[in-house]
Amino acid sequence: MLEIKNLHATIDGKEILKGIDLVVRPGEIHALMGQNGAGKSTLSAVLAGHPAYTVTEGSVTYNGKDLLAMPPEERSHEGLFLSFQQPVEIPGVSMVNFMRAALNAKRKYQGLEPLEAAAFLKLMRERRKIVELDNKLASRSVNEGFSGGEKKRNEIFQMAMLEPTLCILDETDSGLDVDALRIVAEGFNRLRTSETSAIVITHYQRLLDYIKPDIVHVLIDGRIVRTAGPELAMQIEQQGFDWIKESV
Amino acid sequence: MKQYLDFFRAERQRIDAGSSPLLNQRRDEAAAALERLGFPSQRVERYRYTDVAAAFAPNYGIQLQTAEKVVTDLHPSASLYYAQLADIQADAITALNTMLVQDVTIIHVAAGERKQHPVQITNTLSATAPLMQNRRLLIVAEAGAELDVIMTDKARGQQDFLTTQVTEIVVGEGARVGFYDIEDTHEHCHRFHQVFARVASGGKLTHSVFTLAGGLSRNQTDVALVGQGADANLLGCAITIGQQHVDNNTLIEHISPACTSHELYKYVVDGSSTGAFAGRILVREGAQQTVSEERNANLVCTNQARMWTQPMLEIYADDVQCSHGSTVGQMADDALFYMRQRGINEAEARTLLKQAFASEVLGALPLEPLRQRLQAMVEHRFRSCEDCQLCKPHD
């Protein structure tokens, strides 16, 4: 379970998060909506441990452990996965080597032996199919020359490999056409277990047609100003955010 | 410099006795040139990044070989090519080497002969006191011949070493030569390597220099494309750490029409080390249809590390296609964070990024087994590096 209490965070001395409170229980899907600059991506970056952000107040615990005390790699080992809004291209590092290093680091953390080459490649093959990721892409450098849709599919593929318990999908729908969105969302749904929870960051209802949230939050100026059921997302789709702004 | 001239004058008889007439007959002009030139100061353009006088200042024992080991019947090509490309009059280190060197390794391939396997030279430095060694290599590929030479520098024990080497490479018409120079020594080794190559019409030269470990390395590579359609491919990769210093200085001269040259040097500069690259492409008048591409890319891993880069392009012909450029960058923070989010710790992420950076040069090596071997050596270099205190990431 993820528990965020009164979280404040700054970047370059500027406060972006101004007191976030959020509890995500196992199996729950939370949608986080809001306009550009509201702090949605900052929240995901802070949870993942991006070094550019400074937490100035508040706490975050995950499964009873102090998440903020952990380096990013340990948060990953503990089951946190961030699907990047803009996945990074890493020329010269092949997907295979990258995934092997990531998976074996997690296994080491769990006290397991590294996966044998054959077993690893078999796992890659299986998980690739879930997001219909071409074999050629898997043999290329990480995200290098991938289309927008391929990059997002690659994120879900990595999620499939690492089997996280808390997924943060940061605008996974941006830059995707309807078919790509369906593949990505269905991939995510197939990978979910009853214990997997997620925070889905989005501007639009569109993604939420595929990944159905239990709870919807609206973030304005670094604070969660409204929390309700899935109907809130529909309302935002029809009326925008202004009516919420006016009411707070 | 005086110590070397004094040594030469005092030991002239022993030096001559332990060498062959061909080498002996060039010593006087070399000594005169050295005395006239002196060691280049850092105001001399090609030496601005390396303090030569400081490197030659300590008292090294100078290795001499005895008369019993002398081979006097050198291959006939030696008298044709020895000290012909190497410019004694213009370069002090070349002059010093020519003054003191007693031995020349000659690799000659007759016209039309294609060597199936590379010739491998391993130089292992080993001594109980500080030692200076002067080496000479002559590679001659006659018309249509093909040859690859791999040279590896190693050092045993933590002694101070100073090495000078002059390498002359003659690539005949339509011939192909690959010369792969790998330095894998330690921080007490100082090395000055002057390479002079001449490529005749339709000939191809590939020259690569990998600096995996060393103290001070200065590699000067001069390539003259003298015949129509000659081609040069220069590759370099330097991985530096601690107080290490690597200075690669190249000159590619396009003299005849329709010659091509490609040059790629990459540095991963870590710790408090310094890297320098100066690459000059000179397209002479009349060298029309020249195609030349030069690139130097550098990854500077710490705030203490320094990189100097100076790509130069001089064109005196009007129908040419040339490009040159360089980049100096730091480790990509966004890539580091991305990898860490996936569970790869920072040290490992840095290692992967450094390897990825160097892999472009490895990928350009035409010799597949060498590429694989170097891949492993580079990986080993980065990995063992992570264990040493000097390499720990600095904030």
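The criterion of being hydroxyl-bearing (Ser, Thr, Tyr) and either over 29 Å from A:Leu181 (Cβ atoms) or more than 14 Å from chain B (Cβ to nearest Cβ) (or both) holds for A:Ser59. Kindly provide the set of residues from segment B:264-279 that are crowded, with 24+ Cβ neighbours inside 10 Å and either more than 15 Å from B:Leu299 (Cβ to Cβ) or touching a Lys or Arg at 6+ places or on another chain (Cβ under 6 Å) (or both), ordered by number. The answer is B:Val268, B:Gly279. Screening the candidates B:Gly329, B:Gly286 for the property of being surrounded by fewer than 21 Cβ atoms within 10 Å (Cβ to Cβ), within 14 Å of chain A (Cβ to nearest Cβ), farther than 17 Å from A:Val93 by Cα and out of contact with any Phe, Trp or Tyr (no Cβ under 7 Å at 6 or more places or on another chain) yields one hit, B:Gly329.
Being of a type in the set (A, V, I, L, M) and at the interface with chain A (Cβ under 7 Å from one of its Cβ atoms) is the filter; apply it to segment B:340-352 and report the residue that is farthest from A:Pro71 (Cα to Cα). So, considering only residues that are of a type in the set (A, V, I, L, M) and at the interface with chain A (Cβ under 7 Å from one of its Cβ atoms), the one farthest from A:Pro71 (Cα to Cα) is B:Leu352.
Residue-by-condition table, conditions (1) surrounded by fewer than 18 Cβ atoms within 10 Å (Cβ to Cβ); (2) more than 20 Å from the chain's Cα centre (by Cα):
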| position | (1), (2) |
| --- | --- |
| B:Pro21 | yes, yes |
| B:Arg48 | yes, no |
| B:Thr66 | yes, yes |
| B:Ser79 | yes, yes |
| B:Asp91 | no, no |
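Residues satisfying the criterion are absent from segment B:160-169 (criterion: of a type outside the set (Lys, Arg), surrounded by fewer than 21 Cβ atoms within 10 Å (Cβ to Cβ), farther than 27 Å from B:Leu5 by Cβ and touching a residue at least 12 places away in the same chain (Cβ under 8 Å)).
Considering segment B:50-60, the residues that are touching a residue at least 24 places away in the same chain (Cβ under 8 Å) and loosely packed, with under 13 Cβ neighbours inside 10 Å include one that is farthest from the chain's Cα centre (by Cα), namely B:Asn59.
Of the strands (runs of 3 or more DSSP E) lying entirely inside segment B:158-249, those carrying at least 1 residues that are within 16 Å of B:Gly275 (Cβ to Cβ) are B:176-184, B:189-199, B:204-213, B:216-225, B:231-240.
Highlighted here are the strands (runs of 3 or more DSSP E) found entirely within segment B:95-141 that include at least 3 residues which are in contact (Cβ under 8 Å) with a residue 24 or more places away in the chain and under 17 Å from the mean Cα position of the chain (by Cα): B:119-125, B:131-141. For beta carbons closer than 8 Å, sequence separation of 6+ or different chains, a first residue in segment A:85-114 that is facing another protein chain (nearest Cβ under 7 Å) and a second that is among the acidic types (Asp, Glu) and not in a helix (DSSP H, G or I), the qualifying pairs are A:Ile90/A:Glu144; A:Pro91/A:Glu144. Looking at the structure I just gave you, is A:Thr54 more than 10 Å from every other protein chain (Cβ to nearest Cβ), over 21 Å from B:Leu352 (Cα atoms) and crowded, with 18+ Cβ neighbours inside 10 Å? So A:Thr54 fails the test. Set side by side, the residues A:Gly37, A:Gly49, A:Gly27, A:Gly19 differ, and just one is under 19 Å from the mean Cα position of the chain (by Cα), more than 14 Å from chain B (Cβ to nearest Cβ) and touching a residue at least 12 places away in the same chain (Cβ under 8 Å), which is A:Gly27. On the stretch given as segment A:137-160, residues that are under 15 Å from A:Val93 (Cα atoms), within 13 Å of chain B (Cβ to nearest Cβ) and small (Gly, Ala, Ser) total 1. Would you confirm, using the coordinates I've provided, whether B:Gln355 is at the interface with another protein chain (Cβ under 8 Å from one of its Cβ atoms), free of Cβ contacts under 8 Å to residues at least 60 places away in the same chain, within 22 Å of the chain's Cα centre (by Cα) and buried (at least 20 other Cβ atoms within 10 Å of the Cβ)? The answer is yes for B:Gln355.
Values quoted throughout were computed directly from the atomic coordinates according to the rules given, and no laboratory measurement underlies them. This structure is a prediction, so every number in the text was calculated from the model and none was measured. All Cβ positions, glycine included, derive from the backbone under ideal geometry; neighbour counts span all protein chains shown.
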